[in-house]
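**Q** If you scroll down you'll find the structure; I have some questions about it.
The values are calculated or read from the model by the stated rules, or taken from the named source; none is laboratory data. Please read all numbers here as calculations on a predicted model, not as lab measurements. Counting neighbours? That spans all protein chains shown, and the Cβs are built from the backbone with ideal geometry, glycine included. Side chains are part of the model used for accessible areas, which takes the heavy atoms of the whole protein and leaves out ligands, DNA and RNA. Shrake-Rupley method; radii C 1.70, N 1.55, O 1.52, S 1.80 Å.
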Amino acid sequence: QVQLVESGGGSVQAGGSLTLSCAVSGYTDTAYCLAWFRQVLGKEREGVASIESDGTTSYVDSVKGRFTISEDHAKNILYLQMNDLKIGDSAMYYCTARLRPGGPWTRQSLYHMWGQGTEVTVSA
């Protein structure tokens with residue numbers, strides 16, 4: 001099935017920028033949408049952004065205007081461009097694939113494949 005490998009995480013000062021990448025392989029043509037989630041230890045994973053097969057994008061309110069999700073179909077890479085990073089953005093970021101529609105895009109259980117995660121740390 002679909003395999004996903006994240007990269008691009010690191011440490012950055014508040015107000016800075018990072019771009020995360022997710023190499024996607026396998027049956028990508030069967031995916032309904034691809035998304036980025038993030039998680040802090042001890043807390044549930046939070047949907048950050050998604051991009052559907054038709055190009056439609058969605059974002060959690062806290063990152064609107066700062067983050068941009070995109071996909072390079074030719075290279076099979078999913079991106080998350082993060083600008084004006086804030087302390088609250090610190091988390092492990094995961095890319096994931098959803099195979100069918102139905103229910104909100106933010107529901108973790110609707111996604112079937114997950115990457116290993118890449119850590120983002122934002123400091124003051």
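**Q** Taking all protein chains as present, what is the carbon and sulfur share of the accessible area of the stretch 1-123, in % to the nearest whole number, probe 1.4 Å?
**A** With neighbouring chains kept in place, the figure for the stretch 1-123 is 48 percent.
**Q** In Å², what does the accessible area per residue of the chain work out to with a 1.4 Å probe?
**A** 52
**Q** At 0.36 nm per residue, and after removing the present C-alpha to C-alpha distance, how many nm does the segment from residue 13 to residue 119 gain when stretched out fully?
**A** Taking 0.36 nm per residue and subtracting the Cα distance, the gain is 36.7 nm.
**Q** Taking the chain as a whole, which cysteines find no other cysteine Cβ under 4.7 angstrom from their Cβ?
**A** 33 - these cysteines have no disulfide-compatible partner (Cβ-Cβ under 4.7 Å) in the chain.
**Q** Then there's this: Can you give the convex hull volume of the alpha carbon atoms of the chain per residue, in Å³?
**A** Value for the chain: 96 Å³ per residue.
**Q** To continue, here is another question. Please give me the summed charge of the neighbours of residue 23: other residues whose Cβ is under 14 Å from its Cβ, Lys and Arg +1, Asp and Glu -1.
**A** With Lys, Arg at +1 and Asp, Glu at -1, the neighbours total -2.
**Q** Find which of 90, 15, 115 sits farthest along the positive direction of the dipole of the chain, computed with +1 on the beta-carbon of Lys and Arg, -1 on that of Asp and Glu, about the Cα centre.
**A** Of 90, 15, 115, it is 90.
**Q** Per-residue HN-Hα couplings for the stretch 10-15, Karplus 6.51 cos²θ - 1.76 cosθ + 1.60 at θ = phi - 60°, whole Hz, x for Gly and Pro?
**A** Listing the rounded values in order: x, 9, 8, 7, 3, x Hz.
**Q** Where the only charges are on Cβ atoms (+1 Lys, Arg; -1 Asp, Glu), what is the dipole of the chain about its Cα centre, to the nearest 20 debye?
**A** Working: 10 positive and 12 negative charges, 46 e Å.
For the chain, the charge dipole is close to 220 debye.
**Q** Still on this structure, please answer the following. Which FRET efficiency, nearest 0.05, do residue 84 and residue 56 yield, Cβ-Cβ r, R0 25 Å?
**A** Details: r = 24 Å, r/R0 = 0.94.
So, using R0 = 25 Å, E works out to roughly 0.60.
**Q** Here is a follow-up. Given labels modelled 7 Å from the Cα in the Cβ direction, how far is it in nm from residue 108 to residue 74?
**A** 3.7
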